[in-house]
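Just below is one structure, and these are the notes that go with it.
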Amino acid sequence: MYRMFVVEDDPGIAEAVCEQASSWDIEACTVKNFRDVASEVAAFQPHIILLDIKLPCFNGFHWCTEIRKFSRVPIVFISSESDNMNIVMAMNMGGDDFIAKPFDGAVLMAKVQALLRRTYDFAQSNPVLEHRGAILDTGEKRLIAAGKHMELTKNEYRILFTLMQNKCKVVSREKLMEALWQTDCFVDENTLSVNVNRLRHKLDDAGLSDFITTRFGEGYIIQ
């Protein structure tokens, strides 16, 4: 089942779109926090996004730009501000289509289905992992936090990837070393500690203090 994320501040329109999507066997979710749209997108992992231009806090152009920092998911702008300038800007910001309000629900879903087929018949999206506002782009193997991109070493990426895959669960040092051995690099206890500490410093610099917690005698946990 495809998943659709709806960023629309009119509850009536948002509800109608979700009901229409359900009838087309698409799971739809609406944004809850208009100040943190990108994190909600990363957490929900949608196959497509419907995005209004006029929104509380920040407009749709802003959020399209933020989402494009970590995802290539198709974005369809839906707006009554359908003059040529806004349509051109939407496309230049990374949008894939523009549908003017008011729109017919059946026509909207037909366009959504066509875009989903074109996108996922020929391409596979790289997943992202999100926690506490930190977004791990598994395609580019980098971390995004507070709008900043941080490059990670091969070992730092593998450690963070394993911990975020198992967030809220303790990951043993042995399991982390096994994950690092997949990088064709022999890792001992001391090397693991050095890499974890370097990763923690990068997370601290990004405002993510205490992101990785040590459970003495057990391992590490992200919670």
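Of Leu143, Leu116, Leu163, all but one fail to be in a helix (DSSP H, G or I) and either under 17 Å from the mean Cα position of the chain (by Cα) or more than 30 Å from Ser79 (Cα to Cα) (or both); the exception is Leu163.
Of all residues in the stretch 4-30, which are over 20 Å from Val73 (Cβ atoms), not in a loop (DSSP other than H, G, I, E, B) and not aliphatic (A, V, I, L, M)? Pro11, Gly12, Glu15, Glu19, Ser23, listed by residue number. Mind counting the residues in the stretch 151-169 that are of a type in the set (A, V, I, L, M, F, W, C) and touching a His at 6+ places or on another chain (Cβ under 7 Å)? Matching residues across the stretch 151-169 total 1. State whether one or more residues within the stretch 115-135 are within 27 Å of Gln165 (Cβ to Cβ), at pLDDT 95 or above, surrounded by 18 or more Cβ atoms within 10 Å (Cβ to Cβ) and not charged (D, E, K, R). Looking for residues that are within 27 Å of Gln165 (Cβ to Cβ), at pLDDT 95 or above, surrounded by 18 or more Cβ atoms within 10 Å (Cβ to Cβ) and not charged (D, E, K, R), one finds none in the stretch 115-135, hence no. If the condition is being in a loop (DSSP other than H, G, I, E, B), among the hydrophobic types (A, V, I, L, M, F, W, C) and more than 19 Å from Leu115 (Cα to Cα), then the stretch 40-73 contributes Ile53, Leu55, Cys57, Phe58, Phe70. Is it true that Thr213 is under 24 Å from the mean Cα position of the chain (by Cα) and either assigned by TED's automatic domain parsing to the domain that holds Lys69 or exposed (fewer than 14 other Cβ atoms within 10 Å of the Cβ) (or both)? The answer is yes for Thr213.
Would a scan of the stretch 74-81 turn up a residue that is assigned to a loop (DSSP other than H, G, I, E, B) and out of contact with any Leu (no Cβ under 6 Å at 6 or more places or on another chain)? There is at least one residue in the stretch 74-81 that is assigned to a loop (DSSP other than H, G, I, E, B) and out of contact with any Leu (no Cβ under 6 Å at 6 or more places or on another chain). Take the conditions buried (at least 19 other Cβ atoms within 10 Å of the Cβ), under 16 Å from the mean Cα position of the chain (by Cα), under 20 Å from Ala106 (Cβ atoms) and among the β-branched types (Val, Ile, Thr) and apply them to Val37. Does it pass? No. Restricting Lys54, Lys32 to those that are in contact with an Asp or Glu (Cβ under 8 Å, 6 or more places away or on another chain), without any contact (Cβ under 8 Å) to a residue 24 or more places away in the chain and of a type outside the set (A, V, I, L, M) reduces the list to Lys32.
Contact annotation: residue pairs with Cβ atoms under 9 Å, 6 or more positions apart or on different chains, pairing a residue in the stretch 58-80 that is farther than 11 Å from Val41 by Cα with a partner that is hydroxyl-bearing (Ser, Thr, Tyr), are Gly60/Ser79; Arg72/Thr119; Arg72/Ser125; Pro74/Thr119.
Against the condition surrounded by fewer than 18 Cβ atoms within 10 Å (Cβ to Cβ) and either under 22 Å from Glu140 (Cα atoms) or at pLDDT 90 or above (or both), how does Pro74 come out, does it pass?
No.
The values are calculated or read from the model by the stated rules, or taken from the named source; none is laboratory data. As the structure is a prediction and not an experimental result, all values here were calculated from the model. Positions of Cβ are backbone-derived with ideal geometry, glycine not excepted, and every protein chain shown enters the neighbour counts.
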